[in-house]
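See below for the structure under consideration.
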Amino acid sequence: IGGVHRGVEHSLDISADLTELGRTPIAVICSGVKSILDIQKTLQFLETQGVCVAVFNGDQQSPQKVEFPAFFSRKSGSQVNYNLKTAEEAARLILHRNQLSLNSGIVIAVPIPLQQQSDGELITKSIDEAIIEANEKGIIGKEVTPYLLKRVNQLSGGRSLTSNIALIENNARIGAEIAFQYNMLLNVSKQRLINTSNDTIDSKRINKSNKSHYSFELSKTSISESMAKSGHQEEGPKEERNDNQSDESSPVVIGGSIYDIVADANTDSLRPKLKIHLNTNILRRRNSNESIIKMSDEIRSAIHDNRPIVALESTIITHGMPFPINLQMALNVETLVRKRGVIPATIAVIDGKICVGLNKQQMLLLSEDAI
């Protein structure tokens, strides 16, 4: 994820995804905070926003503390309180958050695999050197991250690219396992709710039947007959109940997409009339029935069938990897997710629409235009 940039006291540069995590009930599986950022300040900012931060199978520093990863390294010098040992444990954390109706996100940081740890230490040194160079060249704002990723790859002799691929693949596997476990837990939770509801209904039926001094039978017909014989009348027609239906939304989405729009009115006559309206919660264009969300048929089908879905950021295509490695990486990640029984949904803004579930042609378009 993004975070608080180094030197924030001068630049006030804080990634927008931190505030979004504070107001959106989503679970993000990542490799922690980018090493080029101020990790400790980022964790403090997330705490202020009410975001739960946990580590997945991290290095336990004490019974109460676990080391927070620094993207390419398993150690950042910062610790958090929660260490999730299994995908089921992570899924339960997400489920309980949703049951409590909390409106903030969860960050689950996955440390770099041990076999890439030695490269991670070298890359961290390369990052420090690249940051010094960026400052000397006066590179600021949105240009910083692409420059650093490219420069670190050069300084590390290509090892950062290899480690980056390993991180993405690892995150995809774990994210899919968590989504699969969450979907199972959600179905169990729904079934318990249905059973509890049925028990309550049956209890009410028994009470009504006992009042009429007739034996109770588990059918609407017998209850109606008993009530009719005892002089009880039903209070109007009753709706048929379908216990398989649930008011709770079904799709399981772990991940997210950043939706950035930059508009520049460069015509004097246009400026007074220009009125920009952007709200990430609005799914339709203002004064139009046209949806700005475009889902693939596969994603629509998965939502309809209550299958687990993992949302994948298109930044794995557009940031930090050269073509065609970025395209192959995106396709490999989707394959890893599918192997775990989960539907991948790579997300990007294309032609003014939020596309959920990119096809190969759309991925190719993004990969060729990558930074």
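The values are calculated or read from the model by the stated rules, or taken from the named source; none is laboratory data. The shown structure was predicted, so the numbers you read here are calculated from the model rather than taken from an experiment. Quick reminder, even Gly has a Cβ in these numbers, built from the backbone with ideal geometry, and neighbours come from all protein chains shown. These area figures cover heavy atoms from the full protein model, side chains too; ligands, DNA and RNA do not enter into them. Shrake-Rupley method; radii C 1.70, N 1.55, O 1.52, S 1.80 Å.
When region 6-19 is limited to residues that are open to solvent by less than 60 Å² (accessible area, probe 1.4 Å) and under 20 Å from the mean Cα position of the chain (by Cα), the one that is nearest to Ile132 (Cα to Cα) turns out to be Ser15. The residue of region 288-324 that is nearest to Glu169 (Cα to Cα), among those that are touching a Pro at 6+ places or on another chain (Cβ under 8 Å) and part of a helix (DSSP H, G or I), is Ala302. For region 92-122, taking the residues that are assigned to a loop (DSSP other than H, G, I, E, B) and more than 18 Å from Ser35 (Cβ to Cβ), the one that is most open to solvent (accessible area, probe 1.4 Å) is identified as Leu100. Taking first residues from region 16-39 that are more than 25 Å from Glu169 (Cβ to Cβ) and partners that are part of a strand (DSSP E or B) and open to solvent by less than 40 Å² (accessible area, probe 1.4 Å), the Cβ contacts under 7 Å between residues at least 6 apart in sequence or on separate chains come to Asp38/Val4; Asp38/His5.
Scanning region 26-41 for any residue that is on the phi > 0 side of the Ramachandran plot and crowded, with 21+ Cβ neighbours inside 10 Å turns up at least one such residue. Scanning region 55-106 for residues that are within 15 Å of the chain's Cα centre (by Cα) and of a type in the set (Ser, Thr, Tyr) returns a single hit, Ser104. Determine whether region 154-161 contains at least one residue that is among the polar types (S, T, N, Q), farther than 30 Å from Arg307 by Cα and in contact with a helix residue (DSSP H, G or I) (Cβ under 7 Å, 6 or more places away or on another chain). Yes, that holds for at least one residue.
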